[in-house]
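K.L.:
Quick one: the structure is below, questions incoming.
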Amino acid sequence: MTNQEKLAELQVGLDGAVSELGLEFKAELIKGNDVNENVIQVIVDEREEFPVYVTVDSGQILCVSHLWTEQEVKPEKRTEMLDAMLTISIPMPLSAFSKLGNQYLIFGALGKRAPVNEVIEEIATLSENTLTAVEEFATYLKS
Amino acid sequence: MGFFSKLFTAVRGAASEAGDALIDPQAIRILEQEIRDSKQSLDQAKENLTKVIAQQMAVERDVKRLQKTLSEYEGYAIQALDKGDEALATEIADKIADIENELEAQQSVLNGFKNSVSNLKHTINDTERSVKSMEREINVVKTTAKVNEAKEVAAAQFSGTTSSLRNAAESLERVKKRQQERTDRMNAALQMQREEAGDGLQDKLKEAGIISANASSNSVLERLKQRRQPKDPISQ
């Protein structure tokens, strides 16, 4: 199965799916300039502000959710925040923090052969962790 | 500079300088060129491997041929000795010595080939692995950048703003408010349902004469007073 076939399969499986906790998903394929840059955007019901993006490459299924940007961080709290992010990465179930450009993000990765129901649980967990992270890290962010 | 650190620069450098650009397209192009170069030298190495293997097979054939000739001549020498023809046996022994020398030389050439084949195979495997992981890393960088573009679209679509204006804390507040509203709505619906069910039951109980239809605060007070009375003698 090619990456694109897997991505298409995931989009069909994720659209309209409901997680164990009753969260409903809407999944849409967003096309890139190159087929290898296609991305699924998953909107979790009532959490439209924090979509989860899913990509497939030769090694993994990557689920990414955006947190805050560098501009939102209180400069005097930055080091403390980074320390907290590193510290909490292991205790936080199934997700890890990262940064791309000015954007802080949270992500989880699965093996390429992971079935749709595992991806659903991954997205549900990631969505929970996103809300928790923004709430817990609010003290480091400009209001 | 290693591939990883170049990739790191490509992802990081652009962002700190240009602000919004997430990856430096120029740096990515250079990395892609490097991958193409590596693939080319990989093809070259595979071609070399085929040549070396062909040479190795030729030497292997020589070695086998020499081993066969050697055992043939050894047989002749024994036959000559059996016949008591010492002179012939010596002549054959000379020939055997020649063959043995040549065999030894060819054997060491063969060992050399075997070594280089195994080295080449090793190098090819390593290069193939690293080309694959380079391709994977570049893909991850490109798709993650794509994720960011998708985010811009989504942000504009759902909150009427671009992501540069989107604030994580405010977004969370909106999500929480919406969740609270839903919980409130659910609680209200539940409350109404409970009241409806409760009122219906009260009516039925009244109809059946099980509860008094005109319970008032006075009658309740009266009942409570009566319940208190047995305690009075003890306290007096």
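K.L.:
In the list A:GLY13, A:GLY22, which residue meets the criterion of being among the small types (Gly, Ala, Ser) and within 12 Å of chain B (Cβ to nearest Cβ)?
P.N.:
Working: A:GLY13 fails: within 12 Å of chain B (Cβ to nearest Cβ).
Only one candidate qualifies: A:GLY22.
K.L.:
Still on this structure, I have one more. Somewhere in region B:15-33, is a residue at pLDDT below 65, buried (at least 16 other Cβ atoms within 10 Å of the Cβ), of a type outside the set (S, T, N, Q) and part of a helix (DSSP H, G or I)?
P.N.:
yes
K.L.:
I've got another one for you. Take the conditions in contact with a helix residue (DSSP H, G or I) (Cβ under 6 Å, 6 or more places away or on another chain) and part of a helix (DSSP H, G or I) and apply them to A:GLY13. Does it pass? Can you show your working first?
P.N.:
Working: in contact with a helix residue (DSSP H, G or I) (Cβ under 6 Å, 6 or more places away or on another chain): yes; part of a helix (DSSP H, G or I): yes.
Yes; evaluated as a whole, the condition is true for this residue.
K.L.:
Mind checking which residues of region A:91-108 are surrounded by fewer than 18 Cβ atoms within 10 Å (Cβ to Cβ) and of a type in the set (Gly, Ala, Ser)?
P.N.:
A:ALA96, A:SER98
K.L.:
Let me ask something else. Quick one: how many residues across region A:89-143 are β-branched (Val, Ile, Thr) and either touching a Ser or Thr at 6+ places or on another chain (Cβ under 8 Å) or at positive phi (or both)?
P.N.:
Start the filter on region A:89-143 by keeping residues that are β-branched (Val, Ile, Thr), which leaves A:90, A:106, A:116, A:119-120, A:123, A:125, A:130, A:132, A:134, A:139.
Subset that is either touching a Ser or Thr at 6+ places or on another chain (Cβ under 8 Å) or at positive phi (or both): A:106, A:120, A:123, A:125, A:130, A:134.
Number of matching residues: 6.
K.L.:
Do we have any residue at all in region A:46-65 that's more than 28 Å from B:ARG136 (Cα to Cα) and more than 8 Å from chain B (Cβ to nearest Cβ)? Don't jump to the end; show me each part of the working.
P.N.:
Of all residues in region A:46-65, those more than 28 Å from B:ARG136 (Cα to Cα) come to A:46-49.
Right, trim to more than 8 Å from chain B (Cβ to nearest Cβ) and you get none.
Scanning region A:46-65, I find no residue that is more than 28 Å from B:ARG136 (Cα to Cα) and more than 8 Å from chain B (Cβ to nearest Cβ), so the answer is no.
Rundown of residues vs (1) part of a helix (DSSP H, G or I); (2) modelled with pLDDT of 90 or more, yes/no style:
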{"site": "A:ALA84", "(1), (2)": "yes, yes"}
{"site": "A:THR87", "(1), (2)": "yes, no"}
{"site": "A:PRO93", "(1), (2)": "no, no"}
{"site": "A:SER98", "(1), (2)": "no, no"}
{"site": "A:LEU110", "(1), (2)": "no, yes"}
{"site": "A:VAL119", "(1), (2)": "yes, yes"}
{"site": "A:LEU126", "(1), (2)": "yes, yes"}
{"site": "A:THR139", "(1), (2)": "yes, yes"}
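K.L.:
Turning to a different aspect of this structure: With the requirement that a residue be closer than 30 Å to A:GLU5 by Cβ and among the aliphatic types (A, V, I, L, M), what does region A:73-115 give you?
P.N.:
Selection gives A:LEU94, A:ALA96, A:LEU100, A:LEU105, A:ILE106, A:ALA109, A:LEU110, A:ALA114.
K.L.:
Mind checking which residues of region A:49-82 are part of a strand (DSSP E or B), surrounded by fewer than 23 Cβ atoms within 10 Å (Cβ to Cβ) and polar (S, T, N, Q)?
P.N.:
Passing the criteria: A:GLN60, A:THR69.
K.L.:
In region A:31-48, what residues are surrounded by 19 or more Cβ atoms within 10 Å (Cβ to Cβ) and modelled with pLDDT under 85?
P.N.:
Step one: list which residues in region A:31-48 are surrounded by 19 or more Cβ atoms within 10 Å (Cβ to Cβ), which gives A:36-44, A:47.
Passing the criteria: A:ASN36, A:GLU37, A:ASN38.
K.L.:
Just wondering, is there one or more residues in region A:78-90 that are more than 11 Å from the chain's Cα centre (by Cα) and either within 7 Å of another protein chain (Cβ to nearest Cβ) or under 14 Å from A:ILE123 (Cβ atoms) (or both)? Spell out the reasoning first.
P.N.:
If we filter region A:78-90 for residues that are more than 11 Å from the chain's Cα centre (by Cα), which is where we start, we get A:78-90.
Adding the requirement that they be either within 7 Å of another protein chain (Cβ to nearest Cβ) or under 14 Å from A:ILE123 (Cβ atoms) (or both) leaves none.
Within region A:78-90 (the criterion being more than 11 Å from the chain's Cα centre (by Cα) and either within 7 Å of another protein chain (Cβ to nearest Cβ) or under 14 Å from A:ILE123 (Cβ atoms) (or both)), the answer is no, since none of the residues qualifies.
K.L.:
Looking for something of a type in the set (Val, Ile, Thr) and either touching a helix residue (DSSP H, G or I) at 6+ places or on another chain (Cβ under 8 Å) or at pLDDT 90 or above (or both) - is there at least one such residue anywhere in region B:128-137?
P.N.:
Quick first cut of region B:128-137, residues of a type in the set (Val, Ile, Thr) only: B:131.
Then keep just the ones that are either touching a helix residue (DSSP H, G or I) at 6+ places or on another chain (Cβ under 8 Å) or at pLDDT 90 or above (or both); that gives B:131.
Looking through region B:128-137, at least one residue is of a type in the set (Val, Ile, Thr) and either touching a helix residue (DSSP H, G or I) at 6+ places or on another chain (Cβ under 8 Å) or at pLDDT 90 or above (or both).
One line per residue, one yes/no per condition, for (1) in contact with a Leu (Cβ under 7 Å, 6 or more places away or on another chain); (2) touching a residue at least 12 places away in the same chain (Cβ under 8 Å); (3) closer than 15 Å to A:GLU136 by Cβ; (4) of a type in the set (Ser, Thr, Tyr):
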residue	(1), (2), (3), (4)
A:GLU20	no, yes, no, no
A:GLU28	no, yes, no, no
A:GLU48	no, no, no, no
A:HIS66	yes, yes, no, no
A:VAL73	yes, yes, yes, no
A:ARG78	no, yes, no, no
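The values are calculated or read from the model by the stated rules, or taken from the named source; none is laboratory data. Since we're looking at a predicted model, the values are computed, not measured. Neighbour counts are summed over all protein chains in view; Cβ atoms, including those assigned to glycine, are modelled from backbone coordinates with ideal geometry.
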